[in-house]
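Since the structure comes first, as structure tokens, the remarks are kept for the end.
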Amino acid sequence: MNRVHKKAPVVTLSLVSIVLVFILLVSSLVIGKENFFFYFNYDGGRLQDILFTIGSKLGSGWIYIPVILYLIILKKKWLSFFVILLCMNTLVCQVIKRTVREDRPSVFIKDVRPHTVAGEVLNTKLSFPSGHTSTAFLLVLFFSFMSESWFIAFIMLLYGLWVGYSRVYLAQHFPIDISGGIAVAIVSFWITYYIYRKYFTTQDSV
């Protein structure tokens, strides 16, 4: 299988993600960050509260643990690539967060009380970009690349959208923060790919 065909799912998902970043960014600028937030933050009832609470938890840092264990046991060839990718993504995301220092919706929005879910602790600082979303889309791109499967790519895209949407639904982020998280994942993946291919692999490796 040639390398162009192998990279087709992850390249396609990268392009789809770029379009999504553009849509979220432009909509936030045109409609307004706060107004656009309320397109996604509303009281959807108990079922949606549970659904998006789960989605949010699936973007937390603990998700790396089963992924790393899976790679150690079954896909050791990919472990070093993933570790470099994880470190790159974390570094880029945290540097931007601590540089921008944007307030979260619970602090930024003054006039209207956002919909919140009981038991969900609202963060107040470091809103941009969304770390949960960058984690999710890092996994979206990584598994699409590793599997070379269009089916896996589609399932992972749904997972990424679930996590991203959940962060706004739970009033933890603005949509523009979600766009930032996706962008961080895209940049981190392709920088890692370039570095890994150039310095850490042979011609027949990842």
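Of note:
- Choice from Ile73, Ile84, Ile178 showing the highest fluctuation, given a GNM over the chain with Cα pairs closer than 10 Å: Ile73
- Full-stretch length increase - Arg197, His115 - with 0.36 nm per residue and alpha-carbon distance subtracted: 25.0 nm
- Dipole axis of the chain (+1 Lys, Arg; -1 Asp, Glu on Cβ), positive-most option in Trp150, Leu71, Gln172: Leu71
- For the chain, the Kirkwood estimate of hydrodynamic radius, built from reciprocal distances between every pair of different alpha carbons, is 17.6 Å.
- In this label model, Leu29 and Thr124 are separated by 3.1 nm, measuring between points 7 Å along each Cα→Cβ vector.
- The Lys76 and Thr99 beta-carbon pair, evaluated with R₀ = 30 Å, returns a calculated FRET efficiency of approximately 0.25.
- Alpha-carbon centroid distance for the pair the stretch 129-206 / the stretch 72-94, whole angstrom: 12 Å
- Exceeding the 25 Å Cα-Cα cut-off - candidates Lys7/Lys77; Lys76/Lys198; Lys33/Lys110; Lys7/Lys33; Lys57/Lys77: Lys7/Lys33; Lys57/Lys77
- For the stretch 89-206, projected area of the alpha-carbon convex hull averaged over all directions, nm²: 8.4 nm²
- Reach of Lys125 by Cα under 13 Å, taken over aspartates and glutamates that are not fewer than 8 positions away in the same chain: Glu102, Asp103, Asp177
The numbers here are math on the coordinates, done by the rules we state, and not lab data. Not measured: the values here are computed from a predicted model. Heads up, the Cβs are rebuilt from the backbone with ideal geometry, glycines too, and the neighbour counts pull from every protein chain shown.
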